[in-house]
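Here is the structure we will look at.
Where a number appears in this text, it was derived from the coordinates with a stated rule and is not lab data. Just so we're clear, the structure is a prediction, and the values are computed from it rather than from any experiment. Neighbour counts run over all protein chains shown; Cβ positions are idealised from the backbone, glycine included.
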Amino acid sequence: MRLSAQTPLPVSVQVPDYDRADQKPGIVHIGIGAFHRAHQALYTDAAMGAGDRDWGIIGVSLRSGDVAAQLNPQDGLYTVSRRSAAGTGVRLIGAVQKVIVAADAPQAVVDAIAAPATHIVSFTVTEKGYLRGPGGSLDLDAARGSSSLYRFVGAGLAARKAAGLPGPTLLSCDNLAGNGAVLKALMRQYLLADHSGLIDWFDRECRCPATMVDRIVPATTDADRAAVEAALGVRDEGAVVTEGFSQWVIEDDFAGPRPFWEKVGAELVDDVAPYETAKLRMLNGAHSALAYIGLGRGHEFVHQAIADPAIRPVIERLMRHEAAPTIDAASGQDLSAYADALLDRFANPALHHRLIQIAMDGSQKIPQRWLETLAWHQARGEHCPSLEAAVAAWIDFLRSDRPIDDPLAAPLKAAAAGADAARRIFGPTGPIASPWRP
């Protein structure tokens, strides 16, 4: 039997304590993968449970129909399982109302963005979904493609303007440095090229706040779904597994109404940058290093790699002595305690986070996760042994026989094949990888 709105569930499962049928959709979320369902959708569900109203989520899948096939037959319902060494807690999430597959119903996506009740359009499309060219500007040809976020958002904004509606908040929840400013700049480039009559309205009406999101969400496996089914007594094809920790820091700059996320654990701040920088350079930077070094030593999961006595000191040094000194911490932001917490989170044996999942799209992730830390130390005549080891492990990964899931896989593998691979990849002023041969 499949999970649905009519399914009875065990009393141990936390369920939505609001009338789902009475909630209007106030958010369109583009890129409705496991991370969004374990993070922003959970915060939104909790906000409605705390008394907020009309923040139902319409999810949009730009390419695959997998999430729609998982959630739509379940009335949008799914469970989030929080796993730790102490056990598992399960929560039913009711915030998602439906999922649209953009390739199947493109006008439905535009209509959802243009709907009067929509106040927020949010995104988790990964770094590569922003379609930036080598110099960081928008790849306009790609942005005009059938699966581009810009195509749908641009058409939705045009429809809103034509109807006399206010502009929405565009909320990037991806791991991009200055993600709000990046999204705004790229959106403006697209509008100037294809919707030039919208640009003044966009500047006046819309807002693109910066955010920092933090929660480890491994890809759900068949074994995970089987475990959830055993606990619920019904099949949940949309089940998500995550850790207990969650953090969301949001710049308080919205175009209109927003959920009261701060009442359920989110932090609304004037400046996200210190939190974002710490997350990108310490957590994400360490994650990528763990992935490439750990895979090179034959590990499959994060908790195995961090338990390796040859790897843990490399990761500790990366966080404490290489990344942390480059961060201008906010008042009360304890980077040493943050490093302690990260090491504990990485070591969680109940969360089977695959290293190969983290290793995907290295060309899109590494510039933000490693290169700014390396540049900061190089400007001071200093070396970063841990990050240089990570660069070498990445080059070894590119040289291996593994399939490389990266939009630049072919040129990267060609560059890595050279004897002086570090300079070939990063340029004449880039870092020289120290030897790392596990």
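Summing +1 for each Lys or Arg and -1 for each Asp or Glu among the other residues whose beta-carbon sits under 13 angstrom from that of Asp344 gives -1.
Mind checking the log10 I(q)/I(0) for segment 170-308 at q = 0.10, 0.14 Å⁻¹? Debye, one equal scatterer per Cα, no solvent, two decimals. Values, matching the q order: -0.53, -0.89. For the chain, the longest principal axis of the alpha carbon atoms and the long axis of helix 335-346 meet at an angle near 80°. Label point of Phe254 set 7 angstrom out along Cα-Cβ; within segment 268-312, amide nitrogens under 15 Å from it belong to 268-270. Note on segment 304-353: Cα-Cα pairs beyond 15 Å make up 50% of the total pair count. The alpha-carbon atoms of the chain, seen along their principal axes, cover 60, 54, 44 angstrom, with the largest extent given first. For the pair Asp17 and Glu262, label points projected 7 Å from Cα toward Cβ lie 2.3 nm apart.
Alpha-carbon geometry of segment 249-388: the Rg and the Dmax are 16.3, 51 Å, given in that order. Site pair Arg204 and Ala414 shows an inter-label distance of 4.9 nm when each label is modelled 7 Å from Cα along Cα→Cβ. When the Gaussian network model of the chain links Cα atoms closer than 10 Å, the mean-square fluctuations of Pro209, Pro259, Pro313 top out at Pro313. For the chain, the longest principal axis of the alpha carbon atoms and the long axis of helix 179-194 meet at an angle near 70°.
Given just the C-alpha atoms of segment 20-269, how large is their convex hull per residue in cubic angstrom?
Numbers: hull volume 31.8 nm³, N = 250.
Taking only Cα atoms, segment 20-269 has a hull volume of 127 Å³ per residue.
Between Ala185 and Leu343, the FRET efficiency estimated from the beta carbon spacing at R0 = 30 angstrom works out to 0.25. A simple packing score, the average count of other Cβ atoms within 10 Å per residue, orders the peptides 293-303, 324-334 as 293-303, 324-334, with the highest score first.
For the chain, find the longest principal axis of its Cα atoms and tell me its angle to the long axis of helix 149-162, 0 to 90°, nearest 10. Tilt relative to the chain: about 40 degrees. Of all DSSP bridge pairs formed entirely within the chain, close to 30 percent run antiparallel. Note on Asp334 and Ala86: the model spin-label points, each 7 Å out from Cα along the C-beta direction, lie 1.8 nm apart. Within segment 308-388, the GluC sites (Glu not before Pro) that combine a DSSP coil assignment with at most 13 other C-beta atoms in a 10 angstrom radius are Glu382. Please report the spacing between the Cα centers of segment 300-368 and segment 73-126 in Å, no decimals. Their Cα centres are 28 Å away from one another. For Lys184, list the lysines whose Cα falls under 22 Å from its own Cα; do not include residues on the same chain fewer than 8 positions away. Qualifying lysines at Cα under 22 Å: Lys128, Lys161, Lys279, Lys365.
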